[in-house]
1. What residues have an amide H closer than 5 Å to that of Ile28, excluding those fewer than 5 places away on the same chain, when H is modeled at 1.01 Å from N in the peptide plane?
2. Non-local amide H neighbours of Leu271 (under 5 Å, H modeled in plane, Pro and chain starts lacking H): which ones?
3. Taking H as built 1.01 Å from N, whose amide H comes closer than 5 Å to the amide H of Leu220, not counting residues under 5 places away?
4. Go through the range 230-242 residue by residue and turn each phi into a ³J(HN,Hα) via Karplus (6.51, -1.76, 1.60, θ = phi - 60°); whole Hz please, and just put x for glycine and proline.
5. Place a +1 charge on the Cβ of each Lys and Arg in the range 51-179 and a -1 charge on the Cβ of each Asp and Glu, then give the dipole magnitude about the Cα centre in debye, rounded to the nearest 20.
6. Give a residue-ordered list of calculated ³J(HN,Hα) values for the range 199-208 (Karplus: 6.51 cos²θ - 1.76 cosθ + 1.60, θ = phi - 60°; whole Hz; x for Gly, Pro).
7. Taking the highest mean first, how do the peptides 69-82, 28-41, 153-166 order by number of other beta carbon atoms within 10 angstrom per residue?
Amino acid sequence: MFDRGSLHIDTSELRFDGTQMWVEGDYICLYDSKGSIKGLFGTQHDITERKQLIEDLIIAKEQAEQSDKLKSAFLANMSHEIRTPMNGILGFTEFLKEPNLSGEKQQKYINIIQKSGTRMLNIINDIVDISKIEAGLMEVDFKELNIAEPIKYIHTFFKPEFEKKGLQFFVKNNINEKEIIIKTDREKIYAILINLIKNAIKYTNEGMIELSYDNKGDFLEFSVKDTGIGIPKDRQEAIFERFIQADISDKMARQGAGLGLSITKAYVEMLGGKIWVESEDENTIIGKKGGSTFYFTIPCNTGPIIKTNDQKTKFTKTIENKVEKLKILIAEDDEASSL
Ligand code: ADP
């Protein structure tokens, strides 16, 4: 601070209007006959803006470092997620070459290869989807959708998985209308529901899963409730974020790239809705039960349009007729895919 009788110091002071300012001062020291400092003489200038800029730069640097750390954790997790099924495929294909392999073992290995392939495809689809979302290339295609369709699909598609885990599955429709048809993006509604139900199954070991929907003003509100392990309060926001949930310190994470909920959130928002979670994490030590309910809303646009069954049948038949008359040409540049 002192340099041969001079002083250079930044101080925080108050302006006349009471606001805070930073000043940089260059002073020479005034001494008495005994050599003690008696006062200072010098110049000051306002460096508030510079100080603010430095503070902003420090924050930006910390954020960049944090984001870099999260991206590295994300890549490490992703690499693990891709490598695991790939090892399954390559390893068990090698086992299949064994000449004296029993039929039973053959089937078992083929099943593992198939499952690993599906897992790999899911990860690749997630990566493609998130990249499209990030690049703003994900399109939304609004068409009429009868809400009963995805609900029925979920019921049929996941039935074997509910049964395998011994979970009960309920659908609760709180709307009185016979049919609810809204204008929305069908693929995205399917993807949102599939993701939430898939997670509910993945994180629930016993009990039930309930899918319900209700009319809330201009919106349809869906919820997927489970009696699973739940999510600690401090992770309930992070699970919707792209990189944060991939943080390897996420002890709750099971198999998965950690992209499902960020894609789901992006889809819900593209359709004009909101998504949130209410959850209690289980604590086996004190015997506390857990469970999560994921909610999301979808605008009804013009409000639910009620149609009669006849109109729906006519619509379905036209599509079926069109499909029958289609000619399909398959072109493939990869030998394995063309077999
Ligand atoms: P992943 O595909 O890895 O499951 P998601 O984005 O779908 O990734 O979920 C992120 C995280 O949110 C999971 O790793 C898990 O910790 C938590 N999670 C999601 N759904 C549930 C649920 N129904 N019950 C408990 N935890 C859940």
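1. Correct list: Leu7, Phe41, Gly42.
2. none
3. Ile298, Cys300
4. Result, rounded to whole Hz: x, 10, x, 3, 6, 10, 5, 8, 4, 4, 8, 8, 5.
5. Working: 18 positive and 20 negative charges, 129 e Å.
Dipole magnitude for the range 51-179 comes out near 620 debye.
6. 5, 4, 5, 4, 9, 10, 9, 8, x, 9
7. Working: 69-82: 15.5, 28-41: 10.1, 153-166: 13.4.
The densest-packed peptide leads the list: 69-82, 153-166, 28-41.
Readers should treat all values here as calculations from the given coordinates under stated rules, not as data from a laboratory. Here the structure is a predicted model, which means the values were calculated and not measured. Cβ coordinates were reconstructed from backbone atoms using ideal geometry, including for glycine residues, and neighbour counts include every protein chain displayed.
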